[in-house]
Amino acid sequence: MGYRLLLLLENILMHLPRTVRKSFFTLLAFIGYKTAKKYRRIVRQNLHYAFDNTMSEKEIDNITRYSFKNLLYNFLYLMEIRHLSREEIGKRVTIINKKEVERIHNENRAVIYVTPHYCAWELGGVGIALHVETIAPVYKKLKNRVYEKWLLDARARFGNENLEKTNVIKPLIKRIKQGKASGILIDTNINKKEGVMVEFMGKPLRMTATPAYLARKFNAAIVPVHIRTDDEENYTIIIADEIKVDKTDNEADDIQKATQKQADWLTSLIKKEPKFWFWLHRRWKNDKPEIYS
């Protein structure tokens with residue numbers, strides 16, 4: 001029943017002009033901002049901690065409002081991805097530094113894209129598929145299975161595959177050996193078994209070691225990528241240069257250093273344009289739980 005209602009709402013909205021659809025999600029974001037006191041508080045706690053209490057109240061409020069809007073716009077992008085053509089979606093996206101991926105493939109190496117929840121991340125994954133190569137993003141199983149089916153169908157529409165996080169290492173290795181690309185989010189909260197300690201935003205934090213481990217062991221390339229916009233209509237996917245992974249006798253040290261480089265890249269990204277990051281997430285809840293008390 002829930003899935004049918006979701007599809008009904010989707011069909012109604014997709015028959016309306018885009019300006020109306022966008023206004024609808026903008027309104028939902030405003031309602032969320034006004035009513036979700038818990039998540040307003042999480043944004044504030046994250047910003048105070050990440051920026052050492054240096055942000056003004058105005059900056060915090062602007063970023064909080066944008067965080068809600070950006071989240072709701074990702075729902076809008078998913079809806080449009082499910083219905084619009086390759087050409088309609090593709091023309092919204094420009095790629096910068098595609099030659100880096102071409103160089104890596106010329107060396108017969110697979111790419112592991114590392115990326116955060118940043119700006120239009122749902123559009124970013126599809127944009128890579130349309131303009132560069134299809135990928136297999138790793139996702140965490142959702143409690144809401146109705147929404148999960150809707151979400152995964154959208155992500156896979158233009159050729160991407162979905163890899164569920166549980167027991168994902170073997171499927172990732174298989175793709176690397178086949179020369180196929182995968183995508184790993186590096187800004188999600190993880191447990192002690194899954195990551196290594198790094199400095200992120202000048203603070204100690206545990207980050208996933210999977211990209212560094214796989215790249216080192218199977219000669220794959222870690223390639224950071226993110227998406228941004230100036231007008232919320234046209235988007236740019238920026239492919240960074242490969243993060244090299246050393247291969248010395250000290251495997252743990254090699255992995256830690258490569259993971260730190262990913263954290264440094266993400267820190268630089270967030271400090272430059274903080275509004276685009278997903279501040280609604282309790283990123284430090286395992287390593288610094290007291291900031292959310």
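Any read-out appearing in this document is the output of simple, stated calculations on the displayed coordinates, not a laboratory observation. Predicted model only: the values in this text are computed from it and were never measured.
Listing for the model above:
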quantity	calculated
³J(HN,Hα), Karplus 6.51/-1.76/1.60, whole Hz, each residue of region 200-215, x for Gly, Pro	10, 6, x, 10, x, 7, 8, 10, 4, 9, 4, x, 5, 4, 5, 5
Amide H partners (placed H, <5 Å) of residue 203, local residues excluded	none
For residue 277, distant residues with modelled amide H under 5 Å away	119
Computed [θ] at 222 nm, helices only, for the chain once each DSSP H run of length n ≥ 4 contributes -39500 (n - 2.57)	-16000 deg cm²/dmol
Antiparallel %, DSSP beta bridges [both residues in the chain], to 5	45 percent
Backbone HN-Hα couplings from phi across region 277-285 [Karplus 6.51/-1.76/1.60, Hz, Gly and Pro as x]	7, 8, 6, 6, 9, 7, 5, 9, 5
Long pairs among 58/257; 38/217; 99/257; 177/272, criterion Cα-Cα beyond 32 Å	58/257; 38/217; 177/272
Gaussian network model of the chain, Cα within-10 Å springs - most flexible of 60, 89, 12	12
